[in-house]
1. Across every pair of different alpha-carbon atoms, what Kirkwood hydrodynamic radius in Å does the chain reach?
2. Once you have the alpha carbon radius of gyration of the stretch 29-99, what is it after dividing by 2.2 N^0.38 Å, with N set to its residue count?
3. Order 73-82, 144-153 from most to least packed using the mean count of other Cβ atoms within 10 Å.
4. Order the peptides 131-138, 34-41 from the highest to the lowest mean number of other Cβ atoms within 10 Å of their residues.
5. Tell me what the chain gives for mean residue ellipticity at 222 nm when only DSSP H runs of n ≥ 4 count, each as -39,500 (n - 2.57), the sum divided by the residue total, rounded to 500 deg cm²/dmol.
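FYI, it's all coordinate maths here, none of it is from the lab. Small disclaimer: the values here were computed from a predicted structure and weren't measured. Using ideal geometry, Cβ is built from the backbone for each residue, glycine included, and neighbour counts are taken over all protein chains shown.
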C-alpha cells in the first residue's frame, strides 16, 4: 500500500463539509473542555446545539473525516513507558506480522514505511519496564527483531488543520 492509498483509506465515504462542519472541526482542535457537559460548552462557543455537536462529531468520525476523537495521555507522566519501535519485515509476511503486532494492547499507531525498517509503531505501557517485556513478546510471536528507539528529547509541535 502506498502513502496515497493510506490517506484514501482513512475516508470511508465521500463527505461534503458544510460551514458548520468546518467550524466544528476547527473548533475542536487544540482542546476539549473538561466539565459536566463538554459538548454543550463547545456548542455554545460554535453557535450550535449540544445535540448538533454530538451528531456532527459522530457523523464525521463514522465517515472517516475525523480519524480520532479522545484524550491524549502522556504515558510517562502517568508512570508508564512510551517508545517508538521499528521492524524489518519481508513484504510477503507484512500483513501477518501487522496483525500479530497489533494484537498487543500496548501497540498504537502502526505504520508501513518505505525504509529498510518498514514497520514503525508506538508502544505505550503501564510501566517503563513493560516496554522491554512487550518487545520480547512481539519478537517471540513474530520471529522478527524489534528495534527500540526511545525518545531522547521531546519537542512540542502545535499542529492544526484548518477545514
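1. Its Kirkwood hydrodynamic radius stands at 18.4 Å.
2. Taking the Cα Rg and dividing by 2.2 N^0.38 Å, one obtains 1.67.
3. Final packing ranking: 73-82, 144-153.
4. Those peptides, ordered most packed to least, come out 131-138, 34-41.
5. Calculated mean residue ellipticity at 222 nm is -12000 deg cm²/dmol.
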